[in-house]
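Below is one structure, written out as structure tokens; the observations come after it.
The values are calculated or read from the model by the stated rules, or taken from the named source; none is laboratory data. All of these numbers come straight from a predicted model, not from anything done at the bench. Ideal geometry is used to build each Cβ from the backbone, glycine not excepted, and the neighbour counts take in all protein chains shown.
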Amino acid sequence: MRWTTALKTVFFTLIAPFLFSGCGEEKTSPYAPVFTEVKERELIVGIHPYLNAQRTFLAFEPILRYLEDHADGIRLRLETSVDYADYERKLYAGHFDLSLPNPYQTLEAQALGYRIVAKVKPDTDFRGVIVARKDRHIRSVSQLRGEKISFPSPTALAATMLPKWFLFERGLDVDKEAFPQYVGSQYSSIMNAYSGDTVAAATWPTPWKTWQQENPDKAEEMELLWTTPELVNNGFVARADMDEAVVEQIVTLLCALDTTREGKAILVPSGFTGFERADETTYVPVKQFLRRYDAAIGFGK
Amino acid sequence: MKRIRLFFASIKGQLIIGVVLLQASLMGLFIYDFISREEEFSQQRSLNNLGNLGRLVASNASLSLLNNDLVALGELVSQIEHLPDIEKIYITDANFRVRASNDPAAFNQTFADPRSLAIQEDLRRSPAGSVHTLHDALLDTGAVITVGGKTIGFVRIISTTQSITEQMGRLLEYGIVYILIAIMAMTLIAWLIIRKLTKKLTLLSVAAGEIARGNYAVSLPPFEERDEISRMGRAFRVMIASIHDQVSELESMLEKVQEAEALERQRYTQSEKYQRALFQWAEIGYEDPQTAIRNAVEISAHTLDVERVSVWFLNSDLSALECRDLYTLSSSLHADGFRLGRHDYPHYFEAVVEGRMIAAEDAWNDPLTREFTEGYLKPLGIVSMLDMPIVQGGKVIGVVCHEQIGGKRMWRPEEKEFAIAVTNALALAFEIDKRKQIETTLEYQAHHDGLTDLSNRSLFVDRLEHAIKKAKRRGNKLAVLFIDLDRFKEINDSFGHQMGDMVLVAVADRLRENLREIDTIARLGGDEFTLIIEDIDDQLKVNEIASKLVETLQHPMEIGGHQLYVTVSIGVSLYPLDGEDSQSLLRNADSAMYKAKEEGRNSFQYYSQELTERAFERVAMESSLRRAIANGEFVVYYQPQVDGTTDAIIGMEALVRWNHPQMGLVTPARFIPIAEETGLILAIDEWVMKSAMRQMAGWYAQGLEPGVLSLNLAMKQLWRETCVETIDAMLRESGCRSGWIELEVTEGEIMKNPEKAIAILGGLRDLGVQLAIDDFGTGYSSLSYLKRLPLDILKIDQSFVRGLPEHHEDAAIVRAIIALAQSLGMETIAEGVETKEQKDFLVANGCHLIQGYFYGQPVPAEEMEKMLELSAKKV
């Protein structure tokens, strides 16, 4: 009897678990996360994509955090855009609560339900520049005739319209006598000229400066050809239905930004020196320029 | 049921069960362990994969999230949601608001369950940017979406472990199948093997039963296999056979033992007599071989009742036997000196040399002893012989002979045994004696010098210590003499070591001849001998012995066809005056011996405190000497050399003086030997030569007439390869002309290597300097070399001058030297001239150049300069 007992014990303790474990598939109750509504309301802020999305984020996220920290109960969320088309689509559709469009877009936005509440300063920075490879030896506008010239986008006021107008006044109608290339962004415009895909590139001083700093070797091979006269800088708009008190709080904070050391530091990556109050009248010169531009060169080419 | 129980009770059953159980549990454990590890590993791997997927999604989602491009985020989610095991994907903004997910209900919502909140907390803190957890059989991973190092959102992916579970299930199924197959196979194999083994065991157990019943004719298979049971079977077969044999052998042995016992009892009563005799002989002992032999023959004769018993020894070439002792029982007389030649008794000798026992009942006709019949046996009436060879160390060294007179005798075994025992005891006695002799020789060799047979150092020290103890007890004095041969090295160098050894032996013999038996003489090594003189009442006795030894030893020795003169220097230390132990007595005697050497050899000296002080002074002197060179404590003194006929200064000798800051002026005699020993002499001499040369050049430049400067050329300097160049350089450096310089070399030094000296001195003379030989007449100059040496001047040593003019021998020597110099075309100069008589004698005999106190002692340069100025004015 001893042996049979031992045998049974061994069988059940050692062998049986293996035999039966395969058959009885255990079903554990599956885990699933539980969700809840987000209660806080965020204001969506859009910046015209004069920087790429990542740079835009890095430049403006600190400014938005600063505003959140210093204003009462305001939550701000930065939303970048893939390109100007994407940005304009969102802006004109009223997707942004607050936005920083270029002067041209500022006027457009105003027409489509935004209020001009502030602008970037100073205006001296708001001009176009035309650059080219040194080894192209461009000395006169006429040398660009019949050549490819890179621009960020057709509606970029400083980087496209001002250079086009500058060239037009000097006898070169880019759209008719040369081949404008709209390459999406400021850096892209410069890189096209650097790589030789285009003979010259139009952009505006801020990206030109930062590009030079970031690519000193490449910058060596490039030269600044011409600088256009200045116009009014980028605007800051709020959707017309926004609570005025909230907008006022934000504008006050923005315009005081360049008065503190902390604020100045935050501004650096954006390439702006500060903000100042503005309204419709501030942008009259732009309106006039656009009218002349439209008459002479025309939009939408 | 009963059958089964029986099966489990058998070895076969138990072994099979054991094997199966062991097999099943080991394989089960192995598979279980393997699967657990595999599962753990797979989970870990899946978790890692999921983590990587999470990070990948995070990096892809960043731009779309920045742009709030919900469509793009949605596409990203749908791209990965179909991957196997993926359950849930959430892409959220920095506030964990879901911006895209495969769970539509989650959109725009935020996580609310505790686990999610915990994961969120971990993610916020995670430095790696990702968090993995395994919970509820789910793999849960989260990754941070960043832009430029800033968090803009998160990705969370939840995956099931279903594929792992399925894989493990499959592994388990295979494992179980393998276990079952293995168990079946093992059971079969075990059953086959065990059946084979137990079959043999059964056979063996049956056979054992049969044997127990006394039946040895059991039939068993041959067990030819190699396993243990077959081996046991073979052993069992052997055992049965051997038991069978032993039983029958025991039975027959029992009978024999009973017979032998009866016989032995009878024999014992007889042999008792011989035993007692042997013990008796052993008690007498064997202090020396002669006594042993004497005892052996007497005891053998009495015990065996034999008329004549003798002991003979074989000579070394085995050609003869010599009788050492012959004992005649009836007269009790011992005799010896007989001799048997081998060629007369070849058969007998052959047997003896081969170590065979010769037991001849009828000796007249026995083939081995027949050759003795006519000349020996018949005349003496010997009829039976029992001769036992004595064997020592495997070699026959002699024989013990028992000769029976009267009726014939048959030698009984116990008598032979007794004779053998006596012979062996004799051999042992000789062996012991031989060892004693060897020991004595070794003991002697350990304590004696092999060459001279005198005591060696260890025996000497032993005796000395013994003598000291004795003297202490009795209040006596004793003396230790340290004897060293003078110039023994020269004998060795000139005549060779063999000759040197012969001299040592001759000296040892002379010492022995002149001393009492009780005085211990020893050779400590080399040419050093020591001597203890005990029981001395006063120093006079020691004086007497020491001077006798000095005197005796200086007689010429005739050795190897040469007549050699050997002298000794002896140092004496006294107990208890100069030391109370052997070491200090020996050391002090040694020091005294050196003093004797310094005092001019061939003499003896006592050790005294003064000598010890001098030894210490030397050490101090050496270190001050080194300092002195550095400190510029040396001064050159000049002793004028004068033409004895005109009293005009014709030159001077430069002598060094040491102006010691504490001791004042130290004479060269005190420091030159030390300087020579330490090699400092080179530096000192060079300094002296340079200073003197410069001084000389200076005097000539001043318009003075200092004549020729005599400089001592150090021995060590002379033998240097660069000697000539060095002197040349010094001359040029000092601006001293070579014609102003005379270099003095010592006779003894030149004779060390005359050929080389001739070459070097030739080189020096080529420079233009004059050469003088110093201390002439004191060494062993060879005249033939003297002739060839390029010398200008012979300097007569002051030891000869001192005795002038009264001492006839000195006068004769000086006259001879002068004559010799003249005949070789050399000038002579005498040093150490102190009196007018000496000067007059020298001048009269042709030596005009005089140096010594008579004309002036060595003086410093300033004084010499005054003397020169004075002399110049005179002129």
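General observations
- B:Ser64 being touching a residue at least 12 places away in the same chain (Cβ under 8 Å), within 11 Å of chain A (Cβ to nearest Cβ), more than 30 Å from B:Ile164 (Cα to Cα) and among the polar types (S, T, N, Q): yes
- Residues being of a type in the set (Val, Ile, Thr) and either more than 16 Å from B:Phe460 (Cα to Cα) or touching an Asp or Glu at 6+ places or on another chain (Cβ under 7 Å) (or both) - total across region B:519-548: 5
- Residue list for region B:488-537, restricted to those being part of a loop (DSSP other than H, G, I, E, B) and touching a residue at least 60 places away in the same chain (Cβ under 8 Å): B:Asp537
- Any hit, region B:157-172, residues being closer than 28 Å to A:Pro62 by Cβ and touching a strand residue (DSSP E or B) at 6+ places or on another chain (Cβ under 9 Å): no
- B:Ser78 falls short on exactly one of the conditions (1) buried (at least 18 other Cβ atoms within 10 Å of the Cβ); (2) in a helix (DSSP H, G or I); (3) more than 14 Å from every other protein chain (Cβ to nearest Cβ), and that condition is (1).
- Some residue of region B:336-349 being of a type in the set (Gly, Ala, Ser) and free of Cβ contacts under 8 Å to residues at least 60 places away in the same chain: yes
- Only one of the numbered conditions (1) surrounded by fewer than 24 Cβ atoms within 10 Å (Cβ to Cβ); (2) within 14 Å of chain B (Cβ to nearest Cβ) is violated by A:Tyr87, and that is (1).
- In region B:12-35, the condition of being facing chain A (nearest Cβ under 9 Å), touching a residue at least 60 places away in the same chain (Cβ under 8 Å), touching a Phe, Trp or Tyr at 6+ places or on another chain (Cβ under 6 Å) and not basic (Lys, Arg) is met by no residue.
- Among strands (runs of 3 or more DSSP E) entirely within region B:287-362, having at least 2 residues that are crowded, with 19+ Cβ neighbours inside 10 Å and at pLDDT 85 or above singles out B:308-314, B:320-328, B:358-360.
- Under the condition of being modelled with pLDDT under 70 and not hydroxyl-bearing (Ser, Thr, Tyr), the residues counted in region B:760-785 number 2.
- Residues being in a loop (DSSP other than H, G, I, E, B) and either among the aromatic types (Phe, Trp, Tyr) or more than 29 Å from B:Tyr785 (Cβ to Cβ) (or both) - total across region B:820-847: 2
- Checking A:Ala59 against (1) crowded, with 18+ Cβ neighbours inside 10 Å; (2) in contact with an Asp or Glu (Cβ under 7 Å, 6 or more places away or on another chain); (3) closer than 21 Å to B:Asn67 by Cβ, the condition it does not meet: (2)
- Qualifying residue in region B:143-160 (condition: closer than 22 Å to B:Glu40 by Cβ, facing chain A (nearest Cβ under 10 Å), in a strand (DSSP E or B) and polar (S, T, N, Q)): yes
- Pick from region B:529-562, criterion over 30 Å from B:Lys470 (Cα atoms) and small (Gly, Ala, Ser), ranking: surrounded by the most Cβ atoms within 10 Å (Cβ to Cβ): B:Gly560
- Whichever residue in region B:111-137 is facing chain A (nearest Cβ under 8 Å) and crowded, with 20+ Cβ neighbours inside 10 Å and, among such residues, is nearest to B:Thr165 (Cα to Cα): B:Ser116
- Sole exception among (1) of a type in the set (S, T, N, Q); (2) crowded, with 20+ Cβ neighbours inside 10 Å; (3) in contact (Cβ under 8 Å) with a residue 60 or more places away in the chain for B:Ser59, by number: (2)
- Listed conditions (1) modelled with pLDDT of 85 or more; (2) in a helix (DSSP H, G or I) are all met by B:Val642, apart from (2).
- Here no strands (runs of 3 or more DSSP E) wholly within region A:177-244 include at least 3 residues being under 25 Å from A:Lys90 (Cα atoms) and of a type in the set (Lys, Arg).
- The residue that is farthest from the other protein chains (Cβ to nearest Cβ), counting only those in region A:34-56 that are in a loop (DSSP other than H, G, I, E, B) and surrounded by 15 or more Cβ atoms within 10 Å (Cβ to Cβ), is A:Tyr50.
- The residue that is modelled with the highest pLDDT, among those in region B:261-281 that are more than 60 Å from the chain's Cα centre (by Cα) and among the charged types (D, E, K, R), is B:Glu261.
- Restricting region A:69-84 to residues that are charged (D, E, K, R) and surrounded by 16 or more Cβ atoms within 10 Å (Cβ to Cβ) leaves a set whose member that is farthest from the other protein chains (Cβ to nearest Cβ) is A:Asp83.
- Residue selected from region B:81-98 under the condition free of Cβ contacts under 8 Å to residues at least 60 places away in the same chain and away from every other protein chain (no Cβ under 11 Å), by the criterion surrounded by the fewest Cβ atoms within 10 Å (Cβ to Cβ): B:His82
- For region B:390-420, the tally of residues that are in contact with an Asp or Glu (Cβ under 8 Å, 6 or more places away or on another chain) and either surrounded by 15 or more Cβ atoms within 10 Å (Cβ to Cβ) or of a type in the set (D, E, K, R) (or both) stands at 12.
- Unique match (being in a helix (DSSP H, G or I) and surrounded by 18 or more Cβ atoms within 10 Å (Cβ to Cβ)) among B:Ala467, B:Ala446: B:Ala467
- Residues that are of a type outside the set (Lys, Arg) and in a helix (DSSP H, G or I) were ranked within region B:378-389; the one that is surrounded by the most Cβ atoms within 10 Å (Cβ to Cβ) is B:Leu380.
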